[in-house]
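Inspection log for the structure reproduced underneath, given as structure tokens.
What follows draws every value from the coordinates through simple rules; no lab data is involved. What you see is a predicted model, and the numbers here were worked out from it, not measured in a lab. Backbone-built Cβ (ideal geometry, glycine too); neighbour counts: all protein chains shown.
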Amino acid sequence: MKKILNSKHSAAILFTGGKDSCLALHLAIKKYQINYLLTIIPRNFDSFMFHKPYLNLLERQSENLGIDLLIKESEGVKEKELVDLESLIKEIRNKTDVIVVGGIASSYQGNRIKKICHKLGLKFYAPLWNYTPEKIWKELLDKKFKVILTKISCEGIPKEFLGMVIDRKKLEELRRLGERYKFRIDFEGGEAESAVLGMPEFKKDIIVKYKIKSENVYRHWIDIEDVK
């Protein structure tokens, strides 16, 4: 009996645990064998390149996906953080063919990551590139992703949205608020950040215990105290 080999190319994904990287992972799995989740954790809360993810949540997401998580800290200084990203990718360059990203429309991020991939001889794959905000949310809701907001950085989104799973009713509220206050509901402009507590590839949904913290009237985030 002939042994059937896995013909998929190996890949690693730049992973924050948010809606875009999780949806990109969901789509990329159809084409590639995803072997690594690559995460940069910036010390700077307002990094130009990277969201500041929650380590305890990332570890549980990795466990539920059954995919190894590789983490590197960065000062989050503009342009210098790219050196940290390149260093992280170099750790697995001989074990992977493709770098997957969850970017939608940020040329600033996309072009810089693409340049690193080209330098290291790796393919760059962005399955969500040029997705509209509506298409992003349609995919997430149709495939029963459980997405919460973890940070708000703009006028118009009530802090009560933090930690709540975005269902179709909540999305409609966000849509109305976005039209009124002129923010993108995919948050590509940094208006908010998200985390995924449930998706088709998870072994089980994640439960988080958190407190809401605020810096000013428009800047709020959750402090995740426990993950189950």
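Residues M199, M164, arranged from fewest to most other Cβ atoms within 10 angstrom of their Cβ, appear as M164, M199.
For L122, neighbours were defined as the other residues whose beta-carbon sits under 13 Å from its Cβ, and their charges (Lys and Arg +1, Asp and Glu -1) total +4.
Taking all Cα pairs closer than 8 Å and separated by 6 or more residues, the relative contact order of the chain comes to 20 percent.
Anisotropy class assigned to segment 102-228 is prolate, per the alpha carbon gyration tensor with a/c at or over the 1.5 cut-off and a/b larger than b/c. In order along segment 216-228, the Karplus-derived 3J(HN,Hα) couplings, from 6.51 cos²θ - 1.76 cosθ + 1.60 at θ = phi - 60°, round to 7, 5, 10, 10, 9, 7, 9, 9, 7, 8, 8, 10, 10 Hz, and Gly and Pro are given as x.
Put a dot 7 Å past the Cα of E139, heading toward its Cβ, do the same for E160, and the two dots end up 3.2 nm apart. For segment 9-227, the Cβ-based charge dipole about the Cα centre amounts to some 460 debye (Lys, Arg positive; Asp, Glu negative; other atoms uncharged).
Given R₀ = 35 Å, what would the calculated FRET efficiency be for K203 paired with S87, taking r from the Cβ atoms and rounding to 0.05? Working from the Cβ atoms, E equals 0.70. So which of K159/K209; K151/K203; K52/K78; K72/K123; K144/K169 end up more than 24 Å apart by C-alpha? With Cα atoms farther than 24 Å apart: K151/K203.
The ranking of V196, V208 from fewest to most other beta carbons within 10 Å of each one's beta carbon is V208, V196. Here the simple spin-label model places points 7 Å from the Cα toward Cβ, and for T132 and K228 these points are separated by 4.1 nm. Rounded to the nearest 5, what is the percent of antiparallel bridges among the DSSP beta bridges in the chain? If I count the DSSP bridges inside the chain, around 45 percent turn out antiparallel.
Remark: relative contact order (segment 56-171) = 16 percent; criterion is Cα-Cα distance under 8 angstrom and separation of 6 or more residues.
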